[in-house]
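Engineer: One structure, pasted below without further comment.
The values are calculated or read from the model by the stated rules, or taken from the named source; none is laboratory data. Keep in mind that this is a model prediction, so the values were computed, not measured. Heads up, the Cβs are rebuilt from the backbone with ideal geometry, glycines too, and the neighbour counts pull from every protein chain shown.
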Amino acid sequence: MSDRLAWLQNELDVLQAQGLFTTIRRLSSPQGAWLTVDGRRVLNLCSNNYLGLANHPHLKDAAQQAIETYGVGPGAVRTIAGTMDLHLELERRLAAFKGVEAAISFQSGFSANLAVIPALVGEEDVIFSDELNHASIIDGCRLSRARAVRYRHADPEDLRRVVRETEGYRRALLVTDGVFSMDGDIAPLDRLAGVAEEHNLMLMVDDAHGEGVLGRGGRGIVDHYSLHGRVDIEVGTMSKAFGVVGGYVAGRQAVVAWLRQRGRPFLFSSAVTPADVAACIAAVDLLEESTDQVDRLWENGRYFKAHMKHLGFDTGVSETPITPVILGEAPLAQQFSRRLFEEGVFATAIGFPTVPRGKARIRVMISAVHTTADLDQALAAFEKVGKELGVVER
Ligand SMILES: Cc1ncc(COP(=O)(O)O)c(C=O)c1O
């Protein structure tokens, strides 16, 4: 009998041969500026833990207390087993933080997108979607069965063109990432909101990399552009700047009420644990108390990017602390990453399908908890490896 799964090994071999096979490193320390990876202490330039909250004592205390009070598991989906008051408190706090009427929490940012898009549009509808939107938005669009029409990346004029050319639909949704995580550029949400208003499109932004980063004290992209009241749906994640895990949708009361009835990941999957939720609330507390960490994140990001440009690296179009170092072909990016690791710097190579072919890169994630000495060490490693591999001039 032939092996019905033999094709899988062939596919894996192809990935290896193309330099597109992802190897996952093993961590044995908490997230932070320094990590123990594969048994070595290395400088961390990979995580989305922008503000260093993933191992913050306040968040850990809150999680431990929640375990004492609520135990470790939510029991079942919230519509069946009831919802803990902790989850409701997080939703109230997130709504206040974002300056909207209401919020609803999900297991992840990914599941928030899978919940909200199919709940808003269906077969008779259309979605206008930025061509570089995150995979979870793309999957949410597919699940909805609405017609998805892509417009050129961050291009409101191209959006206008495709909207004018599209007809014969019931409802329309315009959806964009806020900060594009592979390039670090910011969606022109103010101009997109103008197009949405001209053409009566529901407007949704995924603020996964904007919250804790953009706007006053990290309130996100809507605050950054002062668009309060003009964006219908904001999706967020608790797994990046907030340092924990979970996702949410924030916006008008009616959107949240509808998702409690029709958001499939809400109805058919259990909520995140009490410890996660308590840690998330503690993260919101910290963000509301002070802007110090957000300010420090931006200082660090500007410092690192300016020095990388000076060294001759191509850091693309980033406008945020995300610093892509664009190298071209995937094998070069992988070799660069391996050499950095040997130099004590952990920075992962990213290739197709996460970024287009020929645009492989190392994406450097700067955080508020990196010291200037850390950043200088990273710069020295990039300079050394960059010269060695002929990426920058000797
Ligand atoms: C734009 C965007 N949306 C959603 C997600 C998913 O978030 P989570 O990790 O909470 O599922 C990510 C994370 O990679 C993201 O970058």
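Rundown of residues vs (1) touching a Pro at 6+ places or on another chain (Cβ under 6 Å); (2) β-branched (Val, Ile, Thr); (3) within 16 Å of the ligand (Cβ to nearest atom); (4) free of Cβ contacts under 8 Å to residues at least 24 places away in the same chain, yes/no style:
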| residue | (1), (2), (3), (4) |
| --- | --- |
| GLU211 | no, no, yes, no |
| ARG219 | no, no, no, no |
| VAL244 | no, yes, yes, no |
| VAL249 | no, yes, yes, no |
| GLN253 | no, no, no, no |
| GLY263 | no, no, yes, no |
| ALA279 | no, no, yes, no |
| TYR303 | no, no, no, no |
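Engineer: Looking for something under 18 Å from VAL391 (Cα atoms) and either of a type in the set (Ser, Thr, Tyr) or outside any strand (DSSP E or B) (or both) - is there at least one such residue anywhere in the stretch 348-355?
Structural biologist: Yes, the stretch 348-355 contains a residue that is under 18 Å from VAL391 (Cα atoms) and either of a type in the set (Ser, Thr, Tyr) or outside any strand (DSSP E or B) (or both).
Engineer: Still on this structure, I have one more. Give just the number: which of (1) within 30 Å of GLU289 (Cα to Cα); (2) in contact with an Asp or Glu (Cβ under 6 Å, 6 or more places away or on another chain); (3) free of Cβ contacts under 8 Å to residues at least 24 places away in the same chain does LEU88 not satisfy?
Structural biologist: Checking LEU88 against (1) within 30 Å of GLU289 (Cα to Cα); (2) in contact with an Asp or Glu (Cβ under 6 Å, 6 or more places away or on another chain); (3) free of Cβ contacts under 8 Å to residues at least 24 places away in the same chain, the one that fails is (2).
Engineer: Moving on to the next point. So which residues in the stretch 57-87 are assigned to a loop (DSSP other than H, G, I, E, B), over 19 Å from GLN261 (Cα atoms) and aliphatic (A, V, I, L, M), if there are any at all?
Structural biologist: The answer is VAL72, and nothing else.
Engineer: Quick one: VAL72 ticks every box in (1) touching a Ser or Thr at 6+ places or on another chain (Cβ under 9 Å); (2) surrounded by 13 or more Cβ atoms within 10 Å (Cβ to Cβ) bar one, so which box is it?
Structural biologist: (2)
Engineer: Which is over 20 Å from the mean Cα position of the chain (by Cα) and either within 22 Å of ALA135 (Cα to Cα) or within 12 Å of the ligand (Cβ to nearest atom) (or both), of SER239, SER269?
Structural biologist: So the residue among SER239, SER269 that is over 20 Å from the mean Cα position of the chain (by Cα) and either within 22 Å of ALA135 (Cα to Cα) or within 12 Å of the ligand (Cβ to nearest atom) (or both) is SER269.
The rows are residues; the columns are (1) among the polar types (S, T, N, Q); (2) crowded, with 16+ Cβ neighbours inside 10 Å; (3) in contact (Cβ under 8 Å) with a residue 24 or more places away in the chain; (4) touching a strand residue (DSSP E or B) at 6+ places or on another chain (Cβ under 6 Å).
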position: GLN18; (1), (2), (3), (4): yes, no, yes, no
position: HIS58; (1), (2), (3), (4): no, no, yes, no
position: GLN64; (1), (2), (3), (4): yes, no, yes, no
position: ILE80; (1), (2), (3), (4): no, no, no, no
position: MET84; (1), (2), (3), (4): no, yes, yes, no
position: GLU101; (1), (2), (3), (4): no, no, yes, no
position: GLN107; (1), (2), (3), (4): yes, yes, yes, no
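Engineer: If you don't mind, there's one more thing I want to ask. Can you tell which of VAL369, VAL392 is in contact (Cβ under 8 Å) with a residue 60 or more places away in the chain, closer than 20 Å to TRP298 by Cα, in a loop (DSSP other than H, G, I, E, B) and not charged (D, E, K, R)?
Structural biologist: VAL369
Engineer: What tally of residues in the stretch 319-332 results from selecting those that are surrounded by 21 or more Cβ atoms within 10 Å (Cβ to Cβ) and either modelled with pLDDT of 95 or more or part of a strand (DSSP E or B) (or both)?
Structural biologist: Total satisfying the criteria: 7.
Engineer: If you go through the stretch 25-55, how many residues are free of Cβ contacts under 8 Å to residues at least 12 places away in the same chain and under 19 Å from the mean Cα position of the chain (by Cα)?
Structural biologist: Residues that pass the stated criteria total 0.
Engineer: Across the stretch 271-305, what is the total count of residues that are surrounded by 21 or more Cβ atoms within 10 Å (Cβ to Cβ) and either part of a loop (DSSP other than H, G, I, E, B) or at positive phi (or both)?
Structural biologist: Qualifying residue count, the stretch 271-305: 3.
Engineer: Now, a different point. For residues that are more than 12 Å from the ligand (Cβ to nearest atom) and crowded, with 22+ Cβ neighbours inside 10 Å, scanning just the stretch 120-140, find the one that is nearest to ASP185 (Cα to Cα). Spell out the reasoning first.
Structural biologist: Taking the stretch 120-140 first, the residues more than 12 Å from the ligand (Cβ to nearest atom) are 120-129, 131.
Then drop every residue that is not crowded, with 22+ Cβ neighbours inside 10 Å, which leaves 120-121, 126-129.
Details: LEU120: 27, VAL121: 27, VAL126: 26, ILE127: 22, PHE128: 19, SER129: 16 Å.
Per the criteria, the residue is SER129.
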